[in-house]
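Enquirer: My structure is below; once you've seen it, I'll send some questions.
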Amino acid sequence: MLRYPDKVLSSVLKDGAPALKYARPYLFIRSFAFLPSLVSIIGFSAFRGTLDTKTPLKISLFSNMCNAVLDPILMFTMKMGVSGAALATLFSEVISAASFLALMLKRKMFRWSKIFRLPSWTALKPLLKGGAALQLRNVALNLTFLAVARVTQGLDDNGVAAAAHALAIQVFQIGGIVLLALSTVAQTVVPNEMIERVDPVTGEKSGGKFAAKKLVNRLMSWGFILGIILGSLQLVLLPALQKSSPLEEVRRAAVIPSILASVYQIMNGLVFIGEGVMVGCGNFMQLSLSTVFATCAALLSLNTFPKIYGLTGVWMSFGVFNIFRLAGVWLHQTKLGPLAKMNKEQKA
């Protein structure tokens with residue numbers, strides 16, 4: 001990204017696109033955040049692995065507050081524009097990484113003496129096995145989002161479609177962030193519930209696969225209900241959110257995509273929690289293959305719908321993407337997953 005920024009940006013922007021002059025400096029500065037971002041991801045995972053979710057939340061809150069404060073100062077007061085936005089994000093990433101490193105050292109989660117030591121194959125093998133499957137999913141997700149960005153940027157040369165798309169994304173994030181958080185909850189509580197425990201005093205049993213299946217059913221119900229509530233909230237707030245752009249043509253172009261983003265939350269509640277359950281059950285390959293199939297469907301849709309419906313077609317392709325992901329969740333919970341047979345046993 002530092003050496004060949006134009007080649008990297010060509011995956012999203014066509015040659016001569018007006019956005020290139022803004023994208024080059026932004027990408028150059030953001031490239032320096034790669035290592036701090038990686039450290040933050042590892043730190044977040046390490047604390048979540050110890051069931052400490054408060055510490056990552058506090059670090060994320062503080063670093064994002066720094067970003068929010070620095071953005072207007074660097075972009076407008078110091079007149080740095082897009083480069084200022086990139087610098088603000090880089091600074092927040094460095095703060096986050098430094099905080100995680102300091103706390104992990106304090107709690108002796110790692111030592112500098114072992115940081116450059118190669119791990120044994122026995123310790124590395126399960127990580128590579130699970131990591132490779134999840135990496136396949138990440139590649140599929142990134143390919144989808146790159147294709148969406150490229151198609152959106154190619155819809156016009158004046159930036160209206162891209163700005164309207166960004167506005168629709170803001171609408172989506174109102175509920176999407178909450179539902180994504182529930183996915184993380186599912187990843188944590190489901191495997192814990194699958195472990196059967198016996199109270200040493202009363203001898204009462206708790207946990208196990210039947211209990212885990214009941215928990216999954218409750219989570220999916222809550223995901224569906226919250227999806228409806230959050231989608232409705234987005235529709236109610238849509239007129240206010242539309243005012244975030246001063247351009248009438250951008251607001252008009254964002255109306256239908258924003259409505260679709262709101263309606264999709266009903267499905268997203270089931271998809272995000274269902275995929276969290278798949279991670280919690282350790283079915284990484286099933287999750288990855290489901291995402292790969294969804295990506296293939298989305299790419300075919302992106303090659304068809306935007307030519308007919310423009311930006312609305314891009315968001316229709318998002319719908320296709322999540323429908324296929326929902327199908328993967330359904331297969332996991334009813335046919336292929338470790339808790340699927342609980343349905344038949346409960347009926348029997």
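The values are calculated or read from the model by the stated rules, or taken from the named source; none is laboratory data. These numbers were taken from a predicted model, which means no experiment stands behind them. Reconstructed Cβ throughout: ideal geometry from the backbone, glycine too, with neighbour counts over all protein chains shown. These area figures cover heavy atoms from the full protein model, side chains too; ligands, DNA and RNA do not enter into them. Shrake-Rupley method; radii C 1.70, N 1.55, O 1.52, S 1.80 Å.
Enquirer: Please identify the pairs in which a residue from the stretch 103-129 that is under 15 Å from residue 46 (Cβ atoms) has its Cβ atom under 9 Å from the Cβ atom of a residue that is of a type in the set (Lys, Arg), counting only partners at least 6 apart or on another chain.
Expert: The qualifying pairs are 105/111.
Enquirer: Moving to a separate point now. In the set 219, 238, 247, which member is in contact with a helix residue (DSSP H, G or I) (Cβ under 8 Å, 6 or more places away or on another chain) and open to solvent by 70 Å² or more (accessible area, probe 1.4 Å)? Spell out how you get there, then give the answer.
Expert: Details: 219 fails: open to solvent by 70 Å² or more (accessible area, probe 1.4 Å); 238 fails: open to solvent by 70 Å² or more (accessible area, probe 1.4 Å).
The unique qualifying residue is 247.
Enquirer: Filter the stretch 1-16 down to the residues that are part of a loop (DSSP other than H, G, I, E, B) and in contact with a helix residue (DSSP H, G or I) (Cβ under 6 Å, 6 or more places away or on another chain), then identify the one that is surrounded by the fewest Cβ atoms within 10 Å (Cβ to Cβ). Quick ask: steps written out before the conclusion?
Expert: Within the stretch 1-16, the subset part of a loop (DSSP other than H, G, I, E, B) is 1-4, 10-16.
From what's left, in contact with a helix residue (DSSP H, G or I) (Cβ under 6 Å, 6 or more places away or on another chain): 1-2, 11-13.
Working: 1: 13, 2: 10, 11: 12, 12: 21, 13: 20.
Here the answer is 2.
Enquirer: Related question: Of everything in the stretch 95-112, what is in a helix (DSSP H, G or I) and either of a type in the set (D, E, K, R) or open to solvent by 70 Å² or more (accessible area, probe 1.4 Å) (or both)? Give them in sequence order. Let's see the steps before the verdict.
Expert: Initial filter on the stretch 95-112 (in a helix (DSSP H, G or I)): 95-106, 112.
106, 112 - these are the residues of the stretch 95-112 that are in a helix (DSSP H, G or I) and either of a type in the set (D, E, K, R) or open to solvent by 70 Å² or more (accessible area, probe 1.4 Å) (or both).
Enquirer: Just the residues that are in a helix (DSSP H, G or I), over 29 Å from residue 280 (Cα atoms) and open to solvent by less than 30 Å² (accessible area, probe 1.4 Å), please, taken from the stretch 28-80. Explain how you work it out, then say what you get.
Expert: Residues of the stretch 28-80 that are in a helix (DSSP H, G or I), as a first pass: 28-31, 34-49, 54-77.
Subset that is over 29 Å from residue 280 (Cα atoms): 28-31, 65-77.
Listed by number, the residues that qualify are 29, 31, 66, 67, 74.
Enquirer: Only residues that are surrounded by fewer than 12 Cβ atoms within 10 Å (Cβ to Cβ), small (Gly, Ala, Ser) and part of a helix (DSSP H, G or I): list them for the stretch 120-135, please.
Expert: 123 - this is the single residue of the stretch 120-135 that is surrounded by fewer than 12 Cβ atoms within 10 Å (Cβ to Cβ), small (Gly, Ala, Ser) and part of a helix (DSSP H, G or I).
Enquirer: Quick one: which of 326, 331, 300 is assigned to a helix (DSSP H, G or I) and within 20 Å of the chain's Cα centre (by Cα)?
Expert: Details: 331 fails: within 20 Å of the chain's Cα centre (by Cα); 300 fails: within 20 Å of the chain's Cα centre (by Cα).
Every option except 326 fails the conditions.
Enquirer: Identify the residue in the stretch 160-198 that is over 15 Å from residue 314 (Cα atoms) and among the small types (Gly, Ala, Ser) and, among all such residues, is most open to solvent (accessible area, probe 1.4 Å). Break it down into steps so the answer makes sense when it comes.
Expert: At the first step, the residues of the stretch 160-198 found to be over 15 Å from residue 314 (Cα atoms) are 170-171, 173-198.
Adding the requirement that they be among the small types (Gly, Ala, Ser) leaves 175-176, 181, 183, 186.
On the way: 175: 0, 176: 1, 181: 53, 183: 15, 186: 0 Å².
Checked the stretch 160-198; the qualifying residue most open to solvent (accessible area, probe 1.4 Å) is 181.
Enquirer: Same structure again: Picking from 13, 35, 57, which residue would you name as being under 20 Å from the mean Cα position of the chain (by Cα) and in contact (Cβ under 8 Å) with a residue 60 or more places away in the chain? Write out each step before concluding.
Expert: Values: 13 fails: under 20 Å from the mean Cα position of the chain (by Cα); 57 fails: in contact (Cβ under 8 Å) with a residue 60 or more places away in the chain.
Sole residue among the options that is under 20 Å from the mean Cα position of the chain (by Cα) and in contact (Cβ under 8 Å) with a residue 60 or more places away in the chain: 35.
Enquirer: On to the next question. Out of everything in the stretch 136-157 that is in contact (Cβ under 8 Å) with a residue 24 or more places away in the chain and of a type in the set (S, T, N, Q), what residue ends up being most open to solvent (accessible area, probe 1.4 Å)? Spell out the reasoning first.
Expert: Quick first cut of the stretch 136-157, residues in contact (Cβ under 8 Å) with a residue 24 or more places away in the chain only: 136-137, 140-141, 143-144, 146-155, 157.
Next, only the ones that are of a type in the set (S, T, N, Q) stay: 144, 152-153.
On the way: 144: 2, 152: 4, 153: 63 Å².
Once the filter is applied, the top-ranked residue is 153.
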